[in-house]
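*Asks:* My structure is below; once you've seen it, I'll send some questions.
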Amino acid sequence: MSTQRRHLLELAPLSAHEITELLDLAESFQDISQRRIKKVPALRGMTVVLLFLEASTRTRTSFELAAKRLSADTLSIAGGTSSVVKGETLLDTARNLAAMSPDIIVLRHKHSGAPHLLARSLDASIVNAGDGGHEHPTQGLLDALTIRQHKKRIAGLKVAIIGDIAHSRVARSGIAALSKLGADVWVCGPPTMMPPGVESLGCRATFDRTTAVRNADVVMMLRIQKERMTEELFPSDREYSQRYGLDSGVLALARPDALVMHPGPINRGVELAPEVADGPASIILDQVANGIAVRMAVLYHCAGGGGGEA
Amino acid sequence: MTVAPNRRLVLDETAVRRTVHRLAHEILERAGPLETLALVGIRTRGLPLARRIAEVLLAAQALGGRRVPVGALDIALYRDDAFDGGSRVAVGASHLPFDVADRTIVLVDDVLYTGRTIRAALDALMDFGRPRRIKLAVLVDRGHRELPIQPDYVGQVLSTEPGQSVKVHLPEVDGGEAPDAVYLLDAPERGR
């Protein structure tokens, strides 16, 4: 009778069917956030630990709200306040938490593979909320859900992902989800920000913004993550903006009904011009709203609910 | 290898139609003011039944040509056995296209058994607001209640054993060419 522990560590190994099931589940959670009483008892009595050892406001609050709307008890531990600053290792921190018997640990960590380490070592289900430059699976799912809801499909769409591809876990999870669902994914950025062999992830690559944006159905702009760069990868914000930013002139190359996305927070005037960020093509706030539904679905799934078997 | 269990037809297409018709007329007579009435079908098979009852009420000119609103309620997130393993159910969306406050709600389901589904449905409904009153209509009451829940409108009372199960076939949900039918199977309930 024992239910096998379920994790969500990355999207890359999931099948199109598994991703679609999570998106469908998320869709059925959406109406809960529209009700007067925004809460269902599905995870009542379960404990969700939000272990965020790297700065994050929106992902953490989105997970926290998702857990609370499912009636789980949440415990939030942020990098600056934990014993990590006293030199405790990740595994020691996690083992101490595990001794308090949480059902699910949501981990944000600056090192790739940290969630996998916890999944191997602990009894709790582990959800990756972003590990270094590796993956950010719930972001990939919410991006796919937002596109599916606006375009009614994903297969056959041209999706351009533009920015710092090398440092972006958002890009990796996005490529994984969208390419499996049949989208024609293009990644674009300056040569210093493009990892060699990126095509092996299931996308096409170009250094030329025009090639990426032309006839695109979706343009996904990535945030310039200065905190993640160890060296200067481009001369100035201004030059980056001129060659890789998205303003209304560049957006005109895309299809007339193209959507503009951004994982937030936006560097206004750097990767995204204000008129585009606030324009009619922008679905950035839909992404935020869908984030809660997707995280509810992921927590519910990891707790053992949903899924077609039996 | 699974052997097809022994199954007996309890209600055929005509009997199901007649039963839905009678349920609708009992609701019409006893549910109070029709202006504030709404039907809420419990997914999956309660929903088509609620829609059919609404059709009968419309044909009977219950609201002078207007429709009694029909909502869909999914109770997967309110079940008391969601994570017990084995019986995983898909989660669907609830959709109530009306304000439940001060309404008379008639909950509609296909089979009433332990009463746990109805307990979950009551909790789910309350999270949408505070109805004036909630009534329960079921196509089949097969007994063996585990909670103090009783229906207000019953299509058919069926005497069953705990090891048996009742299978309702409705084309809207179950697809195929086969018409409406209710079967009694000599096999335990799955996923409920």
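The values are calculated or read from the model by the stated rules, or taken from the named source; none is laboratory data. Just so it is clear, the structure is predicted and the values come from calculations on it, not from any experiment. Note that we place each Cβ from the backbone using ideal geometry, even for glycine, and neighbour counts take in every protein chain shown.
*Asks:* Filter segment A:132-182 down to residues that are touching a Lys or Arg at 6+ places or on another chain (Cβ under 7 Å) and outside any loop (DSSP other than H, G, I, E, B) and give me whichever is nearest to A:Thr47 (Cα to Cα).
*Replies:* Within segment A:132-182, the match that is nearest to A:Thr47 (Cα to Cα) is A:Thr138.
Residue-wise test of (1) in a loop (DSSP other than H, G, I, E, B); (2) closer than 21 Å to A:Leu157 by Cα; (3) touching a His at 6+ places or on another chain (Cβ under 7 Å); (4) not small (Gly, Ala, Ser).
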residue: A:Ala205; (1), (2), (3), (4): no, yes, no, no
residue: A:Thr211; (1), (2), (3), (4): no, yes, no, yes
residue: A:Ala216; (1), (2), (3), (4): yes, yes, no, no
residue: A:Val219; (1), (2), (3), (4): no, yes, no, yes
residue: A:Ile224; (1), (2), (3), (4): yes, no, no, yes
residue: A:Glu231; (1), (2), (3), (4): yes, no, no, yes
residue: A:Glu239; (1), (2), (3), (4): no, no, no, yes
residue: A:Val250; (1), (2), (3), (4): no, yes, no, yes
residue: A:Leu253; (1), (2), (3), (4): yes, yes, no, yes
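*Asks:* Taking A:Leu233 and the conditions (1) closer than 24 Å to A:Gly279 by Cβ; (2) in contact with a helix residue (DSSP H, G or I) (Cβ under 7 Å, 6 or more places away or on another chain), which numbered condition does it fall short on, given that it satisfies the others?
*Replies:* The single condition A:Leu233 does not satisfy is (1).
*Asks:* With respect to A:Leu25, determine if the residue is within 14 Å of another protein chain (Cβ to nearest Cβ), touching a residue at least 24 places away in the same chain (Cβ under 8 Å) and within 22 Å of A:Pro263 (Cα to Cα). Before you say what the answer is, go through the steps one by one.
*Replies:* Values: within 14 Å of another protein chain (Cβ to nearest Cβ): yes; touching a residue at least 24 places away in the same chain (Cβ under 8 Å): yes; within 22 Å of A:Pro263 (Cα to Cα): yes.
So A:Leu25 passes the test.
*Asks:* Related question: Exactly one of these conditions fails for B:His144: (1) surrounded by fewer than 19 Cβ atoms within 10 Å (Cβ to Cβ); (2) out of contact with any Lys or Arg (no Cβ under 8 Å at 6 or more places or on another chain); (3) within 20 Å of A:Ser71 (Cβ to Cβ). Give me its number.
*Replies:* Just one mismatch for B:His144, condition (3).
*Asks:* For the structure I just gave you, tell me whether B:Arg52 is in a helix (DSSP H, G or I) and either in contact (Cβ under 8 Å) with a residue 40 or more places away in the chain or closer than 19 Å to B:Arg133 by Cα (or both).
*Replies:* When the stated conditions are applied, B:Arg52 does not pass them.
*Asks:* For residues that are in contact (Cβ under 8 Å) with a residue 40 or more places away in the chain and over 11 Å from A:Met296 (Cα atoms), tally how many sit in segment A:28-67.
*Replies:* Selection size over segment A:28-67: 14.
For every residue, the table says whether it meets (1) of a type in the set (Gly, Ala, Ser); (2) within 14 Å of chain A (Cβ to nearest Cβ); (3) without any contact (Cβ under 8 Å) to a residue 60 or more places away in the chain.
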{"site": "B:Asp141", "(1), (2), (3)": "no, no, yes"}
{"site": "B:Tyr153", "(1), (2), (3)": "no, no, no"}
{"site": "B:His169", "(1), (2), (3)": "no, no, yes"}
{"site": "B:Gly175", "(1), (2), (3)": "yes, no, yes"}
{"site": "B:Val182", "(1), (2), (3)": "no, no, no"}
{"site": "B:Leu185", "(1), (2), (3)": "no, no, no"}
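*Asks:* Suppose we keep only residues that are of a type in the set (Val, Ile, Thr) and within 14 Å of the chain's Cα centre (by Cα) within segment B:158-170. Which one would you say is surrounded by the most Cβ atoms within 10 Å (Cβ to Cβ)?
*Replies:* Top of the filtered list is B:Val168.
*Asks:* Taking interchain pairs and intrachain pairs at least six residues apart, which have beta carbon atoms under 9 angstrom, with the first residue in segment B:85-97 and more than 7 Å from chain A (Cβ to nearest Cβ) and the second modelled with pLDDT under 85?
*Replies:* If the second residue must be modelled with pLDDT under 85, the pairs left are B:Val89/A:Gly305; B:Val89/A:Gly306; B:Val89/A:Ala310; B:Val89/B:Ala82; B:Val89/B:Gly191; B:Val89/B:Arg192.
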